[in-house]
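The structure under discussion appears below in the form of C-alpha cells.
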Amino acid sequence: MNGSQVSRRALLRGVGGLAAVAALPSLTACGTGTSRAAAGDGKGGGKTVVVRDSGGSYGAALQKAIYTPFTQETGIQVKVLNLDDAPLLAQIKQGRPQCDLINNSMMSHHKYVAQDALETLDRDRIKSLKTAKIPEAQITDHAIGHSFYGQCIGYRTDAFDGRKPESWADFWDTKAFQGSRAMVHPDGDLPELEFALLADGVPMDKLYPLDVDRAFKALTRLRPDIKKFWDSGPLPGVLLSRQEVTMSTVWDGRLADLQKQGVPVQRQLNGMRRQFQGYAIARDAANVDNAYQLMDFALRAESQAALAKAFPSNPSSPVAYAKLTEDERNALAGAPKYYDEGFDADVDWWLKNESAVTKRWLEWARG
C-alpha cells in the first residue's frame, strides 16, 4: 500500500518486530521534534493532530485526499509521523506518544491492544460509521477498518496460448499453465497457506482454522516450480515483466502501472485474501478530540472514494464505491462485482499461529 521501503509484512508484524526498521531513511519521523505541548493543549484544545502513517506514495495520496481537505474544513493542521511500531509503543508506555491517530494494519492494532496502547473508542463520536456503512467486522472496540489490500494471482497474458488462470488450482497446475512461479516470503507478508488449501480443494468458506499440515503438503508439490520468494511489493511485477515467472502472488494494485506501460500482465481475483488497514487512537494522546475528528472525516464515504482515486486503495465503505465512475470502481479489488470472490484473513487465527507458521515456513523453504 505504501511506496516506502518498508514491507507490508513489517507493518503486520507490529509489536516488537520492527525496531531495526526504524533506522531506514524512509521511516524518519516527520514530527520527531513534536512535543505534546507543540501538538496541542491537553485532550483537544489545540488546532493540530499528529497521525502516524507509512509515508511514500500512499502518504502522498493521504495528504491529497484526506489531510488537506480535512484542514480546509476544520482548520486543524495535520502533522504526519512516519514511525515504527516499536518506538511508538515505547512512547505510549511512557505516557507521551508523539502521535494521536494511528493508521496501521488491523492485525497490528490487535497487538497494540494486548499492550494496552490504544484508547477505547466512543462510537458515538464517529458519525461516519453509520453513513459510510462500515462493516461490523471492521469495527472493534479500539480500531476501525478503513481500507483493505488484496493478495491475488498476477500472470502474463501472453504465456498460456490465450488461456487465463481462473483459480489457485490453476496456479498450482504447471502442466496446463507452464512456467515458474513466485510466492511471498514472510518478510513480505503472511505465509500464503490459504492459497495452498484453496488449490487443494478446500472451499473458501471452510478455510479457517487452517489445516497447516495439508497446506504445507500442497506447497511442497509446487516447491520445485517456485523460482523466487518475494519480500517487497514491486518484485512480483518485476519478475513478471522480465518473464522470469509466468505467475506470481501479488498485491492487487501493483500491476496497474505495468499495464499502463504495455506489459502484458493481468490479475485474477478469485480466491483473493483481504487484509484491512484501520485507524486507532493512541492511549494518552495529546489531541484526542482532533483525532476523533480526523478519523470521522477519513471514514466518510466521500473521503474513502477520494483516496481510491489518488491511490489503489480499496475502501471498507460500500457506499464509497457508488461515488466512483464505473471504470474507477472496477479497477479496484473491492468493487461489488469482485468482492464475493475473495475472503478476509482471519486475524484472530493468525495472531495465535503466526510465529509457529513462520518458523515452519522458513524451515520448509530451506529444505
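The values are calculated or read from the model by the stated rules, or taken from the named source; none is laboratory data. What you see is a predicted model; the values in this text were computed from it and never measured. Methodologically, a virtual Cβ is constructed for each residue, glycine included, from the backbone with ideal geometry; neighbour enumeration extends over all protein chains shown. Heads up: the accessible areas ignore ligands, DNA and RNA and are worked out on the full protein's heavy atoms, side chains in. Shrake-Rupley method; radii C 1.70, N 1.55, O 1.52, S 1.80 Å.
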Checklist entry - Can you give the accessible area per residue of the chain, in Å², using a 1.4 Å probe? => result 41 Å²
Checklist entry - Any idea how far apart residue 136 and residue 173 come out in nm if each label point goes 7 Å out from Cα toward Cβ? => result 3.9 nm
Next on the checklist: How large a share of the accessible area of the range 183-235, in percent, is made up of carbon and sulfur atoms when the probe is 1.4 Å and the other protein chains stay in place?
Outcome noted: 50 percent
Checklist entry - Any idea what angle helix 301-310 forms with the longest principal axis of the chain, computed on alpha-carbon atoms, 0 to 90 degrees, nearest 10? => result 60 degrees
Next on the checklist: Skipping prolines and chain starts, which residues have an amide H placed within reach, meaning under 5 Å, of the one on residue 314, given they are 5 or more residues away or on another chain?
Outcome noted: 148
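Which order do you get for 185, 146 if you rank them by accessible area with a 1.4 Å probe, largest at the top?
On the way: 185 45, 146 10 Å².
The residues order as 185, 146, largest area first.
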Next on the checklist: Between the range 242-304 and the range 70-90, what is the separation of their alpha carbon centroids in Å?
Outcome noted: 19 Å
Checklist entry - In terms of modelled amide H atoms, which long-range or inter-chain residues lie less than 5 Å from the amide H of residue 48? => result 77
Checklist entry - With θ set to phi - 60° and the Karplus curve 6.51 cos²θ - 1.76 cosθ + 1.60, what are the ³J(HN,Hα) couplings of the range 330-347 in order, to the nearest whole Hz, using x for Gly and Pro? => result 6, 6, 9, 5, x, 4, x, 5, 9, 4, 6, 7, x, 9, 8, 4, 7, 4
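I'd like the FRET efficiency for residue 217 and residue 346, computed as 1/(1 + (r/R0)^6) with the beta carbon distance as r and R0 of 22 Å, rounded to 0.05.
On the way: r = 21 Å, r/R0 = 0.93.
Efficiency, rounded to the nearest 0.05: 0.60.
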Item to check | In order through the range 74-82: 3J(HN,Hα) via Karplus (6.51 cos²θ - 1.76 cosθ + 1.60), integer Hz, x for Gly, Pro | outcome: 10, x, 7, 7, 9, 9, 9, 10, 9
Checklist outcome for this item: the chain: antiparallel bridges as % of DSSP beta bridges, rounded to 5, reads 60 percent
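Tell me, in nm to one decimal, what length is gained between residue 123 and residue 256 on full extension, where the rule is 0.36 nm per residue of separation less the Cα-Cα distance? Walk me through the numbers on the way to the answer.
Details: separation 133, 0.36 × 133 = 47.88 nm, distance 3.61 nm.
The residue 123-residue 256 span can extend by a further 44.3 nm.
Per DSSP H run of at least 4 residues, take -39500 (n - 2.57); add these up for the chain, divide by its residues and hand me the 222 nm value, nearest 500 deg cm²/dmol. Walk me through the numbers on the way to the answer.
Values: 18 runs with 136 residues, N = 367.
The helix contribution divided over the chain gives -9500 deg cm²/dmol.
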Item to check | Label corresponding to Cα Rg over 2.2 N^0.38 Å when calculated from the structure given, among (i) 0.93; (ii) 1.19; (iii) 0.99 | outcome: (iii)
